[in-house]
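Beneath this line is the structure, given in structure tokens, with notes to follow.
Derivation of every value follows stated rules applied to the coordinates shown; laboratory data play no part. Since this is a predicted model, take the numbers as computed values, not measurements. Using ideal geometry, Cβ is built from the backbone for each residue, glycine included, and neighbour counts are taken over all protein chains shown.
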Amino acid sequence: MAAINVHIGRRRIFRSDSAKHFDLSIPIDFDAEGLSAFGVPPASVQTVENAWFVGDTRRDGSCNVRVCQFIPHCHGTHTECVGHIVDQDLSVTEILKDAWIPAVLVSVEPEQGVDCSESYIPGKEKDDALITRRTLIERLKTLDDEDFQRALVIRTLPNLPAKRTQRYVTAPYFSNEAMEEIVRRGVKHLLVDMPSVDRMEDGGRLSNHRLFWEMPPGSHDLNRCKAPFRTITEFIFAPDEAWDGYYLLNLQIAPFMGDAVPSRPLIFPVEAL
């Protein structure tokens, strides 16, 4: 145990315990048909083998050496940057500089598209489930401390364990108004338990990604991005034991060069002193 005192905002001190945290990551599982999305096969692994070496101790090899095949965007928790939608090469490791990030976790219940007055480009279907601006505002009424909204962690309800292993074809997503509200609040790091902040089949528009990074519709030019410092983390799982409230986020990422990398978000409860 190590107590950490942190200064957040003006003259406010909070305490956190480094030994008490919630791991929001879903690991990439190579030994079972785990989490996947967008119709891609599950992650896979194979033994390195040639004429003089077998990378499997169960086959009398000296050590275990394997080739892992996975797609960060489709298998497990990952963090992405605006490099996801621009022509220029940009890596998450170049963008993410924060080690301890004030964060707020909220649980939201998506609304049915047919009952929802909010919009989405290029369109929504009646069976779609949307996270709306109205819902976000309602849920954040009692958690409206702007100092903690540098990171916003969204848990959708119901919070089923199947989120860890599901093969997603459809999933909830944000209305455009909800994403505009997130941007208005100054959120720098957005974490969600869905495969995408956009509709999974949207004709390639990615309108919510563009709203979050403040990119014009249809543009792939990094020079036209107004907020390249923001990140989106998808495929998290927030356990029920983590209550809605304020935390410190430690967003750990794999040291890969890429627009999306496997990540391990840890949230630490805080208390005011």
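By the scheme Lys and Arg +1, Asp and Glu -1, what is the net charge of all other residues having a beta-carbon under 12 Å from that of SER107?
Net of charged neighbours comes to -3.
Would you please calculate the Kirkwood hydrodynamic radius of region 70-153 over all C-alpha pairs and express it in Å, rounded to one decimal?
With all distinct Cα pairs of region 70-153 included, I get 15.9 Å.
With N set to the residue count of region 16-169, report its C-alpha Rg divided by 2.2 N^0.38 Å to two decimal places.
1.39
Give me D for region 110-193 in µm² s⁻¹, whole number, from Stokes-Einstein with Rh from the Kirkwood sum over alpha-carbon pairs, 10 °C and 1.306 mPa s.
Answer from the Stokes-Einstein relation: 115 µm²/s.
How many percent of Cα pairs in region 156-200 exceed 16 Å?
Result for the distance tail: 45 percent.
Over every pair of different alpha-carbon atoms in the chain, take the mean of 1/r and invert it; report that Kirkwood radius in Å.
19.8 Å
Thinking of region 136-178 as a set of Cα atoms, what percent of all their pairs are more than 13 Å apart?
70 percent
May I ask you to work out the translational diffusion coefficient for region 7-97 at 25 °C, viscosity 0.890 mPa s, via Stokes-Einstein with Rh from the Kirkwood sum over Cα pairs, reported in whole µm²/s?
For the chosen part, D equals 141 µm²/s.
Taking Rh as the Kirkwood radius, which is the inverse of the mean 1/r over Cα pairs, what is the Rg/Rh value for region 147-273?
In region 147-273, Rg relative to Rh is 0.95.
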